[in-house]
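A short worksheet on the structure shown next.
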Amino acid sequence: MTKTISPSDLKKMLRDDACVLVDIRGTDEFTRESIPGARNLPLDQLGSEACPDGDCKVVFHCKSGMRTANAADQLSEWAQGESMILEGGIDAWRAGGFGTKLDKKAPLELNRQVQITAGSLIVLGVGLSLALHPYWIGLSAFVGAGLMFAGISGTCAMANMLMFMPWNKRTA
């Protein structure tokens, strides 16, 4: 079982250069906000090659700690040496009063864009069906079916479309 580390203990380790901090979130999430000194290695890009730093302490983190906890075995294999998970991820780091690099000009994470767009389309479909014609409820049903398909297949057409929007060109 991979050990966890508190944000305050991680801060001490980073100050002493006693570990390598690896952010396993997607590049779009990392670009928007990151812990200073962290390296971005998205979980889906984690290759079979071992940690380039060799036998060193590696601390992994994500947004809330869920992704790192779920991938703990894979991450510890990759790290070669001692590996740990930041308790509560970058959310706990921020809540502990520690600073992050925040780029407010970077687009929102793609997942949040999908949530905002899908939610807006569902509300719009319900509103139009109440105000204009009941058939507009089909828009909400279509978006709901698309979200179900995305969850089942792992492929989200809305995310693929949003990637090509002008505001996302910076991270593409």
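Every number here is computed from the coordinates shown, using simple stated rules; none is lab data. Being a predicted model, the structure only gives us computed values, none of them experimental. Ideal geometry is used to build each Cβ from the backbone, glycine not excepted, and the neighbour counts take in all protein chains shown.
Applying both filters, DSSP loop and at most 10 other Cβ atoms within 10 Å, to the GluC sites (Glu not before Pro) of the range 13-103 gives Glu49. Legend: ranking of residues Ser129, Ser83, Ser153 from fewest to most surrounding C-beta atoms inside 10 Å; resulting order Ser153, Ser129, Ser83.
Using 0.36 nm per residue of separation minus the Cα-Cα distance, give me the extension gain between Ala157 and Arg39 in nm, one decimal.
In short, 39.6 nm is gained.
Annotation: amide H of Met84 within the under-5 Å range of Val58, Val59, Phe60, sequence separation 5 or more or interchain, hydrogens built in the peptide plane.
For the range 1-150, the calculated P(r) over all alpha carbon pairs, in 5 Å bins from 0 to the bin holding the longest distance, is 2, 9, 16, 17, 14, 11, 8, 7, 6, 5, 3, 2, 1 percent. In plain terms, the chain from Ser64 to Asn111 could stretch by 15.4 nm, reckoned as 0.36 nm per residue minus the Cα-Cα distance. For the chain, adding -39500 (n - 2.57) for each run of n ≥ 4 DSSP H residues and dividing by the number of residues yields -13500 deg cm²/dmol at 222 nm. Here the Karplus curve 6.51 cos²θ - 1.76 cosθ + 1.60, taken at θ = phi - 60°, turns the phi angles of the range 94-111 into couplings of 5, 5, x, x, 8, x, 10, 8, 10, 10, 5, 7, 6, x, 4, 4, 4, 4 Hz, with x standing for Gly and Pro. Separation of the range 112-128 and the range 130-169 by C-alpha centroid, Å? Result: 8 Å between the Cα centres.
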